[in-house]
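Here is the structure we will look at.
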Amino acid sequence: MTLIDVHAHFVTESYVRQATAAGHAHPDGMGRWPTWSAAEHLELMDRHGIETALLSMSSPGVHFGDDAAARRLAREVNEEAAGLAARHPGRFGFFASLPLPDVDGALEEIAYAVEDLGADGVVLMTNALGRYLGDRILDAVFTELGRRRTVVFLHPTSPVGWEHSALGRPRPMIEYLFDTTRTVVDLLMAGVLDRHPDIQVIVPHCGGALPVLADRVDEFRKMFLNSPDGADVIEQLRRLHYDIAGPAFPRQVPALLGLADPGRLLFGSDYCWTPPPVAATHIAAVDAAAPPADDVSWRSLTTANAQRLFPRLAR
């Protein structure tokens with residue numbers, strides 16, 4: 001049984017050059033940028049039985065402070081991703097990058113990426129220059145994504161104030177998980193998920209801290225924030241999709257299953273930010289884990305889930 005990888009990344013020399021010039025020589029506190037090529041990615045996929053990888057740009061995204069430059073960079077990386085998908089049919093798809101918090105630019109890029117480039121969805125950083133995804137300024141973007149029934153892949157980035165919270169360590173170690181949790185809670189509390197139920201959201205890294213904090217958030221919403229109406233927090237979280245990128249076993253996935261429907265779990269390698277030997281270890285752990293049910297494996301479950309979410313992959 002092959003895998004479908006919904007959490008896979010690529011970088012280009014041009015992107016790295018522009019990000020570095022904008023001050024991201026050590027992105028999110030990491031030592032260096034990874035290298036990427038289609039040939040090396042396909043080799044890793046073939047080695048581990050990954051049929052299709054949906055590519056996206058990772059943190060820090062495409063907006064480094066200038067709206068016009070962000071629009072150009074989003075267009076550049078999206079056209080590059082579309083070209084990769086066209087040159088390797090069936091092996092690559094992609095989530096389009098948007099130049100948020102530039103709303104007008106994002107709306108323009110959604111239309112172009114979906115209609116002209118054939119994007120499988122969009123990738124949103126967990127915050128856009130400090131604006132979390134429940135911010136009212138982004139309402140028009142979510143309205144458009146809902147109208148198009150778009151798949152939205154969330155990807156963590158450095159949180160606001162990371163200088164005081166990251167303990168001097170690379171932010172992907174723990175801050176990524178907390179910022180994922182923070183932005184999903186913001187979407188819940190702002191009513192975005194309730195208002196736009198047609199948006200299919202993928203939450204990365206086994207939901208971050210959501211499996212542990214979901215009941216606490218629900219209790220605060222009802223008891224202390226005077227907002228008992230609206231969709232139940234747990235119900236809304238169970239409607240989301242979750243990838244299992246990273247060290248998902250032996251502890252994260254069991255915790256996630258206390259919150260998420262198994263039919264909403266998806267495989268993710270996090271390559272190329274996760275080096276090949278580490279990705280191999282994660283995939284081996286998925287294959288070795290106790291199956292979620294008697295008649296399915298983690299490979300067959302996550303692949304079937306991805307094919308339902310992305311019907312073109314089933315064809």
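Table for the structure above
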| read-out | value |
| --- | --- |
| Point-charge dipole on Cβ atoms (K/R +1, D/E -1) for the chain, about Cα centre, debye to 20 | 280 debye |
| Cubic angstrom per residue, convex hull over Cα atoms of region 121-163 | 58 Å³ |
| Helix-only [θ]222 nm of the chain, DSSP H runs n ≥ 4, -39500 (n - 2.57) each, per residue, nearest 500 | -12500 deg cm²/dmol |
| Taking TRP273, TRP33, TRP162 and counting other C-beta atoms within 10 Å, the order from fewest to most | TRP162, TRP33, TRP273 |
| Sites ALA290 and THR2, calculated FRET efficiency, Cβ-Cβ separation with R0 22 Å, nearest 0.05 | 0.60 |
| Label corresponding to Cα extents along the principal axes in Å when calculated from the structure given, among (i) 60, 42, 37; (ii) 53, 52, 42; (iii) 73, 46, 36 | (ii) |
| Relative counts (whole %) of C-alpha pair distances in region 1-111, using bins that are 5 Å wide | 2, 12, 21, 22, 19, 14, 8, 3, 0 |
| Fluctuation leader among ARG91, ARG32, ARG171 - the chain, Gaussian network, Cα springs under 10 angstrom | ARG32 |
| Cα centroid separation - region 196-275 against region 112-140, whole Å | 19 Å |
| Modelled FRET efficiency - R0 51 Å, GLU51 with LYS222, Cβ distances, 0.05 increments | 0.70 |
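Taken together, the values in this text are just the output of simple stated rules run on the coordinates, not laboratory data. Since we're looking at a predicted model, the values are computed, not measured. Neighbour counts are summed over all protein chains in view; Cβ atoms, including those assigned to glycine, are modelled from backbone coordinates with ideal geometry.
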